[in-house]
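This report refers to the structure that appears directly beneath it.
Each reported figure results from applying straightforward, stated rules to the coordinates on display, with no laboratory input. What you see is a predicted model, and the numbers here were worked out from it, not measured in a lab. Cβ sites come from the backbone with ideal geometry, for glycine too, and all protein chains shown count toward neighbours.
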Amino acid sequence: MDIPPEFSTRSDAELLRLAVAGEEQAFLLLYGRLKAGIFRYAFYMTSSQANAEEVTQEVFVTLLKESHNYQQDRGALAAFAFGIARNFVRRIEHREWPYEALPEDTSPATSSARLISESDALPAQMIRTELAERVQTAVASLPDHYRQVVVLCDLCELSYAEAASRLRCAVGTIRSRLSRAHALLAKKLRPLRSPQPEIRTAGPEGCLI
Amino acid sequence: MTCHELRLYFEDPLRMDAEFPREAEHLAHCTECARFVEARHELGTGLRLVCESAPEPSAALEAVVLANYRRRIIGNPPLVRSRTRRWVVCWTAAAAAMVALAAVLLHHPARRLETSNLTMESAQRPMAQPGTSEKSANRVPWTNAASSPKTRLHSARQARRAPQPAATKSPASEDFRSLMYCDALSCGGAMQLIRVQLPSSAAAFEPAAASSDGAIYADVLVGSDGIARGIRVVQ
């Protein structure tokens, strides 16, 4: 569907107003602008594509329903939509908390054996995929206030100022939380990175015997 | 350069500097800092991989969002709800159908107890008798409600608004099957008549009751405590 060029220069708030008034193309343009950020945030927070799509859908339904509650002087529409998304993510977490995954086995022996077998046998692409999965698991296991900043700044690639406006806190708070979150992540990944020396020198056979 | 300065420099794991000559000199001498930088580089690599491996929202999502928008703009009909809520509705409907089927199966004529000859009329006699106390006169005359073709649910308020004479003969004794033992104590309250649609599999027990589309309808008498007292398959 062709978007009229005059819509392209409109702000998000104006597009929402036009969309509520019945301009479908304005709604499509607004959806195109916001969907990626909302979907990525929901995906990284819930680790599920289905949940991320559910959140994205509900955010746009709520945007239309609660458009009168948006006050332009209090912040950007993207931040308003992010607030809605965050509430839905919390609801999903609350709904699914009984099914929380068991903590990962990070004992040095297990991790070292895994690392050695990967280094020797698996292709590089699989190791990269495995690393990505481990980092994602580590991010998911962070406390909520650290996870939010890692997802927003590192994974959704927002600036510190944008993340601060989304989370309604100071930029300094974002910086300090991000620093602590990185330290925690590095600590969680440490067993994979530096296996026990005696196991490493013994080789894979040493692990099996 | 001190260790503190170097750690500040490498604070961001996503830093993409390929060369850092000033810091390299320090790293060559300080193993702790070298380990720190290595850890941050690995974390940065992992975060970039996670970032690159993010899926894209499906095309179906856009279609659903657009459908929601169109329905909302046209006239606020019910929105297309999320997958979870649809499942809740489906499962609730399935459970209700199972309960209705179980009620029919449990009270199949072949399994009907001898006590079912105890008619609803005798069981409800204190309620239907004219000239009893004022309280009993205000009760819903469910026998008349059952004979009304257009109403499926009669409330006590409707009965008070348009009081009808108590029936001299209750059709329950002819049509309704007792679903539980009834006496003046257990069936003393007002009754409601609810018409329900049963699964087509219920036609095995009442073949004559099945309509052209295969649906079976039944009238269920429900007491004020919410427990079903009697059922009658609509012919």
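State, to one decimal in nm, how far the label point of A:His145 lies from the label point of B:Ala215, with both points 7 Å from Cα in the Cβ direction.
Modelled inter-label distance: 5.7 nm.
For A:Glu133 and B:Ser201, what does the FRET efficiency come to when R0 = 51 Å and r is the distance between their Cβ atoms, rounded to the nearest 0.05?
Working: r = 48 Å, r/R0 = 0.94.
Efficiency computed from Cβ-Cβ geometry: 0.60.
Between B:Glu5 and B:Ile227, what is the spin-label point distance in nm, taking each point 7 Å from the Cα along the Cα→C-beta axis?
Using points 7 Å along Cα→Cβ, the separation is 8.6 nm.
Between A:Ser159 and A:Asn87, what is 0.36 nm times their sequence separation minus the Cα-Cα distance? Round to one decimal in nm. Could you put the intermediate results ahead of the total?
Values: separation 72, 0.36 × 72 = 25.92 nm, distance 2.17 nm.
Extending this stretch completely gives an extra 23.8 nm.
Along the Cα→Cβ direction, 7 angstrom out, place labels at A:Arg33 and B:Glu56. What is the inter-label distance in nm?
Between A:Arg33 and B:Glu56, the simple spin-label model gives 2.1 nm.
Taking neighbour Cβ counts within 10 Å as the exposure measure, how do A:Thr56, A:Thr173 sort from fewest upward?
Numbers: A:Thr56 29, A:Thr173 16.
If I rank by nearby Cβ atoms, fewest first, I get A:Thr173, A:Thr56.
For A:Met45, A:Met126, what ranking results if the residue with the fewest other Cβ atoms within 10 Å of its Cβ goes first? Kindly include the intermediate steps, with their values, before the conclusion.
Numbers: A:Met45 26, A:Met126 11.
With the fewest neighbours first, A:Met45, A:Met126 line up as A:Met126, A:Met45.
Quick one: A:Tyr44, B:Tyr9, A:Tyr146, fewest Cβ neighbours within 10 Å first, how do they rank?
Details: A:Tyr44 24, B:Tyr9 16, A:Tyr146 19.
The order, fewest Cβ neighbours first, is B:Tyr9, A:Tyr146, A:Tyr44.
Calculate the mean, over all residues of peptide B:38-46, of how many other protein chain Cβ atoms lie within 10 angstrom of the residue's Cβ.
On the way: counts 3, 9, 4, 0, 7, 11, 3, 4, 14.
Going residue by residue through B:38-46 and averaging, the value is 6.
As I understand it, the dipole of the stretch A:1-58 uses +1 on the Cβ of Lys and Arg and -1 on the Cβ of Asp and Glu, about the Cα centre. Which of A:Leu16, A:Thr46, A:Phe27 lies farthest toward its positive end?
After comparing all options, I get A:Thr46.
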